[in-house]
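Every number here is computed from the coordinates shown, using simple stated rules; none is lab data. None of the values given here were measured: they were computed from a predicted structure. Reconstructed Cβ throughout: ideal geometry from the backbone, glycine too, with neighbour counts over all protein chains shown.
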Amino acid sequence: MSKRGSLILIEGLDRTGKSTQADLIVNEFENAGKKVELIKFPDRTTEIGKLINQFLVDKNFNLPKESIHLLFSANRWELKSQLLEKLLQGVNLIMDRYYYSGIAYSTANGLDFDWCKSPDIGLPKPDLVLFLTFKDNENVNKLKNRENYGEERYEITEFQQEVKKNFETFFNKEEKQRLQSSNSKADFEIVYVDNKTIEEVKTDVLGLVKKFIEVDNTNPVEYFQ
Ligand code: T5A
């Protein structure tokens with residue numbers, strides 16, 4: 001059976017440390033001689049990504065909520081073939097946000113859950129999803145103490161609480177579906193970051209990611225349905 005890289009996704013609220021942990025994982029495995037690369041969504045460098053960036057940083061640049069949802073999804077489609085190519089070359093991909101952010105944030109904006117899922121049908125499904133979050137809802141309020149918090153459109157405590165609730169509902173649904181299906185090998189894990197240092201979170205994250213990178217992945221790539 002042919003080997004491929006694993007697709008590992010880190011999801012979570014704004015400023016919970018996703019990028020910090022994604023960088024640490026990439027460095028850790030690169031130093032160990034593994035093929036590993038980082039992919040960040042939104043990818044703000046593409047034409048669609050530039051529009052998304054403008055929407056996030058300029059609170060006077062308004063778009064219908066349906067349009068921005070479709071732009072985030074289109075941004076993922078822009079990178080689909082590149083992503084698949086890398087996986088088939090044996091590169092492990094660490095993704096900083098993807099499909100689940102698309103749905104958790106847009107439903108917090110009032111859009112319908114099933115409507116939000118449909119534009120991403122056909123995109124590759126991660127082998128492992130890590131959800132960086134707080135066990136205690138009160139700790140979401142402390143995000144405002146993190147550097148530069150509040151500069152972008154969605155960095156508002158009440159909105160982040162809503163996003164947290166949506167992520168949790170969504171992951172519970174997906175987990176139930178996964179347990180009912182004998183075909184899917186995809187895995188979900190929650191990483192609580194309450195009062196943990198960057199190093200402590202790194203230990204938790206590495207413990208979960210290790211087997212996906214160290215053991216050869218021979219499972220076929222799955223796709224969102
Ligand atoms: N979005 C995204 C959608 O609405 N739909 C979509 O489909 C997608 C893909 C931008 C926005 O777009 C929305 C969600 C977002 O609102 P983004 O570019 O990923 O998405 O923006 P952020 O989540 O804000 O990304 P950041 O890179 O800014 O935050 P991170 O990655 O979670 O946090 P990080 O690692 O940069 O850390 C932030 C700060 O906290 C410190 C770090 O040192 C840094 O200063 N930190 C810690 N401090 C204390 N203890 C710890 N354990 C810490 N970990 C990190």
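For LYS176 and SER81, what does the FRET efficiency come to when R0 = 30 Å and r is the distance between their Cβ atoms, rounded to the nearest 0.05? It comes to 0.45.
If the segment from GLU222 to PHE159 were pulled out straight at 0.36 nm per residue, it would be longer than the present Cα-Cα gap by 19.5 nm. Simple point charges give the picture: +1 on the Cβ of Lys and Arg, -1 on the Cβ of Asp and Glu, and for the stretch 119-170 a dipole about the Cα centre of about 100 debye.
Per-residue 3J(HN,Hα) values for the stretch 217-224, derived from phi via the Karplus relation 6.51 cos²θ - 1.76 cosθ + 1.60 with θ = phi - 60°, read 9, 10, 6, x, 5, 9, 10, 5 Hz in sequence order (x marks Gly and Pro). Converting phi to 3J(HN,Hα) with the Karplus coefficients 6.51, -1.76 and 1.60 and the offset θ = phi - 60°, the stretch 154-159 yields 8, 7, 10, 3, 4, 5 Hz in sequence order, with x at every glycine or proline. Under 5 Å between amide hydrogens, built in the peptide plane, is the criterion, and for ASP187 it picks out LEU128, VAL129 among residues at least 5 positions away or on other chains. Of all aspartates and glutamates in the structure, those lying under 14 Å Cα to Cα from LYS59, and not within fewer than 8 positions of it along the same chain, are GLU151, GLU152, GLU155.
The distance from the alpha carbon centre of the stretch 197-225 to that of the stretch 149-183 is 19 Å, rounded to a whole number.
Structural descriptor for the chain: relative contact order 33 percent, calculated from alpha carbon pairs under 8 angstrom and at least 6 residues apart. Taking the number of Cβ atoms within 10 Å of each Cβ as an exposure proxy, the fewest-first ranking of THR46, THR16, THR218 is THR218, THR46, THR16.
Value of Rg to Rh for the stretch 137-215, rounded to two decimals, is 1.04; Kirkwood radius and Rg both from alpha-carbon coordinates.
For PHE224, the amide hydrogen comes within under 5 Å of the amide hydrogens of GLY122, LEU123, LYS125, counting only partners 5 or more places away or on other chains and with H modelled in the peptide plane.
Our coupling estimate for the stretch 94-104, obtained by passing each phi through the Karplus curve with A = 6.51, B = -1.76, C = 1.60 and θ = phi - 60°, is 9, 9, 9, 6, 5, 3, 5, 4, x, 7, 5 Hz, Gly and Pro reported as x. The label point for GLU168 and the one for GLN54, both projected 7 Å from the Cα toward the Cβ, are 3.8 nm apart. Taking amide H as placed 1.01 Å from N in the peptide plane, SER6 has its amide H under 5 Å from the amide H of ASN92, LEU93, each at least 5 places away in sequence or on another chain. Protection proxy ranking for 76-85, 53-62, using the average of other Cβ atoms within 10 Å per residue and placing the highest first: 76-85, 53-62. Taking the stretch 59-99 and a reference point 7 angstrom along Cα→Cβ of LYS3, the backbone N atoms nearer than 17 Å belong to 86-93. Computed over the Cα atoms of the stretch 7-215, pair by distinct pair, the Kirkwood hydrodynamic radius stands at 17.7 angstrom.
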